[in-house]
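**Q** Below is one structure. I have some questions about it.
Throughout, read-outs are computed from the coordinates displayed, never taken from laboratory work. Because the structure is a prediction, the values reported are computed rather than measured. Backbone-built Cβ (ideal geometry, glycine too); neighbour counts: all protein chains shown.
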C-alpha cells in the first residue's frame with residue numbers, strides 16, 4: 001500500500017483541494033472569493049447561529065450535552081427567567097432537528113466566519129450556509145476543523161476575559177437553598 005500523501009499530478013481533480021488552515025486567509029471556491037476572518041466580531045444575528053451550531057456539535061458527540069441543556073432550562077425556570085428558558089429550549093429543539101441535515105456542525109460553524117468578500121456580515125441564514133458548503137465541497141476537511149477550533153478558541157478566550165471582568169466577590173456569596181443558582185436536582189456528573 002502506498003503511504004505517500006502526495007497526489008499524482010495527472011489526477012489532481014480527483015483529490016480535495018488542500019488549504020493550510022494556519023496560512024490561508026483567502027481562497028476561491030464555487031466562483032466566489034472567500035476570506036477567513038477568525039478574529040472578526042460576530043453580529044448578534046450570526047451569534048444566534050453559533051449557539052445553535054455549537055450545541056449541534058455537542059449533541060453529536062454525547063448525550064450529556066442534552067442533559068446539560070435541559071438542566072440549564074430547568075435552572076433558568078427556577079430563576080424565573082421564562083424568556084431565557086424559551087431560548088434554551090428553542091436552540092435544543094432546533095439543534096436536534098438540524099442534526100438531520102447530515103452536515104458536520106463544525107462545517108456550519110465555519111460558515112459564520114469564512115465569508116464571501118461581498119457578504120453582509122450583519123445577517124445570516126441557513127440558506128447561505130448551505131450555499132457555502134456546496135461551494136466548499138472540494139476542499140480538504142482538516143482545513144475547516146482546524147479553522148473552527150482556532151475560531152472557537154478565540155471566542156472562548158474573549159468570553160473568559162469578559163466573565164472575569166464582570167465577576168465579583170458578591171456573586172460568589174452563598175444563596176438560600178433552592179434560591180437563585182440553587183437547584184433541587186442533584187449535581188450533574
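**Q** Can you compute the modelled spin-label distance between residue 11 and residue 90, with each label point 7 Å from Cα toward Cβ, in nm?
**A** 5.0 nm
**Q** Still on this model: What FRET efficiency comes out for residue 22 versus residue 58 if R0 is 35 angstrom and r is the Cβ-Cβ distance? Round to the nearest 0.05.
**A** According to the calculation, E is roughly 0.85.
**Q** Distance in nm between label sites at residue 131 and residue 39, each 7 Å beyond Cα in the beta-carbon direction?
**A** Computed distance between label sites residue 131 and residue 39 equals 2.8 nm.
**Q** Further question on the same structure: Find how many whole Å separate the alpha carbon centroid of the stretch 30-52 from the alpha carbon centroid of the stretch 115-152.
**A** Cα centroid to Cα centroid, the span is 7 Å.
**Q** Once the cut-off is 24 Å, how many percent of the Cα-Cα pairs in the stretch 23-155 end up in the long-distance tail?
**A** Beyond 24 Å sits 32 percent of the P(r) for the stretch 23-155.
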